[in-house]
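See below for the structure under consideration.
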Amino acid sequence: NVLMQLEKISKTYIMGEVTVEALKETSLDIFQGELLVILGPSGSGKSTMLNIMGGMDTTSSGRVIFGDEDLSRAGDSQLTRYRRNEVGFVFQFYNLIADLTARENVELAANLVENPLSTEEVLMEVGLESRMDHFPSQLSGGEQQRVSIARAAVKNPRLLLCDEPTGALDYQTGKLILGLLAKINRERGSTVVIVTHNTSIGEMANRVVRMRSGEITEIIENETTVSPE
Ligand code: ADP
Ligand code: ADP
């Protein structure tokens, strides 16, 4: 069951004399309920691809299909609705609002969608039951990332996109964070796509995609995890 299709998507940045082909006619199907990991050296196009999946960036050519929507032909209001209702984002540097508590940060996201999960329940799921009324500055990096995961998960999104979610954390804390994302994938059924260098996610992933210079060079299916079919 395919959730999203990227069909020969290209992205070209033109800066004066310099042209960068961030993606070169790259195609990928994303399956409903899978946990997909994207690896590749810096500059290989991982973030560009993730941003296109999330409706945060547009393609230069190619098609982006989500269910029966063609996002590559969507206008701003359709893209905003898509981002708001269907997609949760987790970033490297958390992007929490500094003068809101953990609970308020999550509540703000919950209020954007029609059928959010319970804020407290989601904060408990990520292990923050005793930190709900703390401000970001009172939390460790790992705890702040848990808040940001709760903020994404409370929308119960069909697609959860994570760009280097462990990039600012030590290896062990990162491993716990990836474990939480895998748990959301398993228990809530969200399709999860993670760009990461943390190799501990390898065994939890259904598929690992390797990119280089704007192209997918390899897709490895993990036979030890449950098939997304
Ligand atoms: P991992 O840490 O899981 O091995 P990386 O994200 O470091 O994955 O690398 C992804 C892929 O890119 C690997 O196949 C690696 O060999 C290759 N790679 C890493 N760094 C470079 C580089 N500077 N130039 C070319 N290929 C690279
Ligand atoms: P990765 O996430 O694998 O590090 P990116 O998708 O961020 O790679 O970048 C792919 C290529 O596109 C890089 O050469 C990068 O410099 C370029 N690029 C990304 N965003 C922009 C931008 N807004 N303007 C110009 N070039 C960009």
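Just one of the numbered conditions (1) within 25 Å of Thr196 (Cα to Cα); (2) exposed (fewer than 15 other Cβ atoms within 10 Å of the Cβ); (3) in contact with a helix residue (DSSP H, G or I) (Cβ under 6 Å, 6 or more places away or on another chain); (4) among the hydrophobic types (A, V, I, L, M, F, W, C) is not true of Val64: (2). Using the structure shown, decide if Val106 is farther than 21 Å from Ile30 by Cα, crowded, with 16+ Cβ neighbours inside 10 Å and at pLDDT 95 or above. Considered against the rule, which asks whether it is farther than 21 Å from Ile30 by Cα, crowded, with 16+ Cβ neighbours inside 10 Å and at pLDDT 95 or above, Val106 comes out as yes. Of everything in the stretch 10-57 that's in contact with a helix residue (DSSP H, G or I) (Cβ under 7 Å, 6 or more places away or on another chain) and away from ligand 2 (no atom under 12 Å from the Cβ), which residue is farthest from Ile201 (Cα to Cα)? Out of the qualifying residues, it is Gly55. Can Glu7 be described as more than 16 Å from ligand 1 (Cβ to nearest atom) and crowded, with 21+ Cβ neighbours inside 10 Å? No; evaluated as a whole, the condition is false for this residue. Working only within the stretch 210-225, note down all residues that are surrounded by 14 or more Cβ atoms within 10 Å (Cβ to Cβ) and assigned to a loop (DSSP other than H, G, I, E, B). Once the filter is applied, which keeps residues that are surrounded by 14 or more Cβ atoms within 10 Å (Cβ to Cβ) and assigned to a loop (DSSP other than H, G, I, E, B), the stretch 210-225 yields Ser213, Gly214, Asn222, Thr225. Could you list, in sequence order, the residues of the stretch 15-65 that are on the phi > 0 side of the Ramachandran plot, more than 16 Å from ligand 1 (Cβ to nearest atom) and assigned to a loop (DSSP other than H, G, I, E, B)? Gly16, Gly33, Gly55, listed by residue number. If the condition is being outside any loop (DSSP other than H, G, I, E, B) and at pLDDT below 95, then the stretch 187-207 contributes Glu187, Arg188, Thr199, Ser200, Ile201, Gly202, Glu203, Met204.
Among the residues making up the stretch 182-206, a single one is crowded, with 21+ Cβ neighbours inside 10 Å, out of contact with any helix residue (DSSP H, G or I) (no Cβ under 7 Å at 6 or more places or on another chain) and closer than 13 Å to Glu125 by Cβ: Asn185.
Of the residues making up the stretch 115-132, those that are surrounded by fewer than 20 Cβ atoms within 10 Å (Cβ to Cβ), part of a helix (DSSP H, G or I) and not hydrophobic (A, V, I, L, M, F, W, C) are Glu120, Glu121. Only a single item in (1) part of a loop (DSSP other than H, G, I, E, B); (2) touching a helix residue (DSSP H, G or I) at 6+ places or on another chain (Cβ under 6 Å) is not met by Leu178, and it is number (1). If you check Asn95 against the conditions, is it under 18 Å from Thr191 (Cα atoms) and either assigned to a loop (DSSP other than H, G, I, E, B) or within 12 Å of the chain's Cα centre (by Cα) (or both)? No. For the residues Phe89, Phe135, the requirement of being buried (at least 19 other Cβ atoms within 10 Å of the Cβ) and either modelled with pLDDT of 95 or more or acidic (Asp, Glu) (or both) singles out Phe89. Taken together, Leu112, Leu79, Leu96 contain a single residue that is exposed (fewer than 15 other Cβ atoms within 10 Å of the Cβ), in contact with a helix residue (DSSP H, G or I) (Cβ under 8 Å, 6 or more places away or on another chain) and over 24 Å from Glu215 (Cα atoms), which is Leu112.
The values are calculated or read from the model by the stated rules, or taken from the named source; none is laboratory data. In this text the structure is predicted, and so the values were computed from the model without any measurement. Because the Cβ atoms are built from the backbone with ideal geometry, glycine has one as well, and the counts that use them run over all protein chains shown.
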